[in-house]
Amino acid sequence: MTSLDHPRPLLLLAALASALICAGLIVLLRPLLQRYALARPNARSSHVMPTPQGAGIAVIAATILVACGYVVAIGQPIPFVLFGAAVFIALVGFVDDIRTIPVLPRFLLQAAAVAAIVFGAPSELRIVPVIPFGLERALLLLAGLWFVNLVNFMDGLDLMTVAELVPTTGALVLLGWLGDAPLLATIIAATLGGAMLGFAPFNRPVAKVFLGDVGSLPIGLLLGWCLLQLAWHQHVAAALLLPLYYLADATLTLLRRMARREPFWAAHRTHFYQRATDNGFTVSRVVAEVFALNVVLAALALASVRLNSTTVEVFMLLVGSIAVALLLYRFSQARIIPVSASRGL
């Protein structure tokens, strides 16, 4: 599926349907999640009260159901491998939410889902043809595994994943609308973005429900696949720009923990967005600034594709990197709170 040759407003209807289905499922599931899937505060948490997790079930169900209906309605085949991998990794996350899976088996199960997508793709899809095919796919497997996990790591604040997914999927839909992104990636972006909008009212501070690993892992898989489609169609700059804040925050945090010889796989509160709340930023302020940055990154990604110039792509990546670096620096600095404000005057 490579071109959008049917009425584009169907994408908006798909997003709306996904949002409504997701919201309805959360309402139905929340009493069960409250009873069986409470996330209790720990060393990594930003919440202080036990909160039900598992709303990702509704997000992924709505995304896949609407996307399947969409592709069937336009006479296209259902991507069983992609959706099967998403359901599989969601099940891994569900088990991990209820009863923690040891690190190595968890990574191996996640890697199996990513490998099904990476190695199941047509061999003519290449990013850097001069690199041996097997090596490129192996690197994509590692990148995909990291991306799935970093989306999970970054889902540690109310509305944070919404602030990342809505601008990113919105940009992907717009690129597809303009004919610059593959059709299936456009459809999945529309339904995933719609589902996240349906989830948002339940996750705004103070959150009534969390995604859980059952949601963040398959969201990372589906979003990573959409970005990979951009890269395979030679829009590498856009594929890097759209998730650049998540990539930078998670990767720099990982490298810093490894340099300090900390157990980087263990729960912690040292991501830049977590340090921001410890440094005096409110949750709403952090999320708003991340959302605004992601809108800027989406605009840069759109410009890099539409202007179709290597020079422009490099410039957009430079501008995006500077914008991300400035926000990371801002989050890492303690704020000086006036005495009157601290007293509530």
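The values are calculated or read from the model by the stated rules, or taken from the named source; none is laboratory data. Here the structure is a predicted model, which means the values were calculated and not measured. Positions of Cβ are generated from backbone atoms using ideal geometry, with glycine treated the same way; all protein chains shown enter the neighbour counts. Surface accessibility is based on the protein's heavy atoms, side chains included, excluding ligands, DNA and RNA. Shrake-Rupley method; radii C 1.70, N 1.55, O 1.52, S 1.80 Å.
Observations
- In a reduced charge model with +1 at each Lys and Arg Cβ and -1 at each Asp and Glu Cβ, the chain shows a dipole moment near 1020 debye about its Cα centre.
- For the chain, modelled as a GNM whose springs connect Cα atoms under 10 angstrom apart, the maximal fluctuation among THR191, THR161, THR310 occurs at THR310.
- Put a plus charge on the Cβ of each Lys and Arg, a minus charge on the Cβ of each Asp and Glu, and nothing anywhere else: the dipole of segment 220-333 about its Cα centre is then about 320 debye.
- Taking the protein heavy atoms of the chain in the context of the full set of protein chains, the accessible area attributed to carbon and sulfur is 70 percent at 1.4 Å.
- Surface accessible to a 1.4 Å probe, ILE98 within the full protein complex, Å²: 90
- Annotation: average projected area of segment 114-263 is 9.9 square nanometres, based on the convex hull of Cα atoms across all directions.
- Among VAL95, VAL287, VAL148: highest mean-square fluctuation, GNM of the chain, C-alpha pairs under 10 Å: VAL95
- Heavy-atom accessible area per residue - the chain, 1.4 Å, Å²: 45
- Put simply, the C-alpha atoms of segment 62-103 give a gyration tensor, and the ellipsoid matching it has half-axes of 29, 10, 4 Å, longest first.
- Three-way shape call for segment 152-239 based on the alpha-carbon gyration tensor, with the a/c threshold at 1.5: prolate
- ASP249 - accessible surface, heavy atoms, 1.4 Å probe, Å² rounded to 10: 0
- Each principal axis of the Cα atoms in the chain has its own extent, and those three values, largest first, are 60, 48, 41 angstrom.
- Relative to the Cα centre, the charge distribution of segment 131-266, modelled as +1 at Lys and Arg Cβ and -1 at Asp and Glu Cβ, gives a dipole magnitude of about 280 debye.
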